[in-house]
């Protein structure tokens, strides 16, 4: 008799994470602090995943939004780099608000991608998600956040580092080292784009 596969843990279900962002918040506006409290219960990876989704979403068409997301990502990934157990952000950042309608539109648009990711991910090369390798993973995330600042001056420039951050969040949350490797490749592409722009 074959055993059916065990259900995914909640922290590995990306569709469930998106659902919780809407279900566990209320009011006409939603603060970054509310969203952080929802995702940080899962892992650093879920926080980085959320930031990666925002980084490649239409929410960043607001002038300066890419740099703000990059700054938050840099702060979070630096904490992970130095071994913090939980992400911490300044109160002023946590008080930033967005209309609930934008949050609902954002999660609805990301649902299709989340369903695909839920099917594609599984624990692979899990040693990359544990010390000491996770330090290198955090360093890649720091680098992706840093290159976003100059690439923010180029049309669509922040997309590649945003993809790198998104793949990093997926890989850490699902303990899937394949996505961490993809994250490194996306960062390499962003670095090449920056080098061509500077030269």
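The values are calculated or read from the model by the stated rules, or taken from the named source; none is laboratory data. What you are looking at is a predicted structure, and each value in this text was computed from that prediction instead of being measured. Because the Cβ atoms are built from the backbone with ideal geometry, glycine has one as well, and the counts that use them run over all protein chains shown.
Observations, loosely collected:
- Residues satisfying the stated conditions in the stretch 169-186, i.e. touching a residue at least 24 places away in the same chain (Cβ under 8 Å) and more than 13 Å from residue 48 (Cβ to Cβ): 175, 176, 177, 178, 181, 184, 186
- Pairs where the first residue, in the stretch 111-122, is closer than 19 Å to residue 168 by Cβ and the second is modelled with pLDDT of 90 or more and assigned to a helix (DSSP H, G or I), C-beta under 7 Å, 6+ apart: 117/170; 121/170; 121/179
- Selection status of residue 105, out of contact with any strand residue (DSSP E or B) (no Cβ under 6 Å at 6 or more places or on another chain), at pLDDT 85 or above and over 24 Å from residue 174 (Cα atoms): yes
- Yes/no for residue 147 being touching a strand residue (DSSP E or B) at 6+ places or on another chain (Cβ under 6 Å) and at pLDDT 90 or above: no
- Looking at 165, 170, just one residue is touching a strand residue (DSSP E or B) at 6+ places or on another chain (Cβ under 8 Å), surrounded by 23 or more Cβ atoms within 10 Å (Cβ to Cβ), on the phi < 0 side of the Ramachandran plot and part of a helix (DSSP H, G or I), and that residue is 170.
- Subset of the stretch 75-90 that is modelled with pLDDT of 85 or more and surrounded by fewer than 19 Cβ atoms within 10 Å (Cβ to Cβ) - its residue that is nearest to residue 153 (Cα to Cα): 75
- Looking across the stretch 124-159 at every residue that is part of a loop (DSSP other than H, G, I, E, B) and in contact with a helix residue (DSSP H, G or I) (Cβ under 7 Å, 6 or more places away or on another chain), the one that is surrounded by the fewest Cβ atoms within 10 Å (Cβ to Cβ) is identified as 154.
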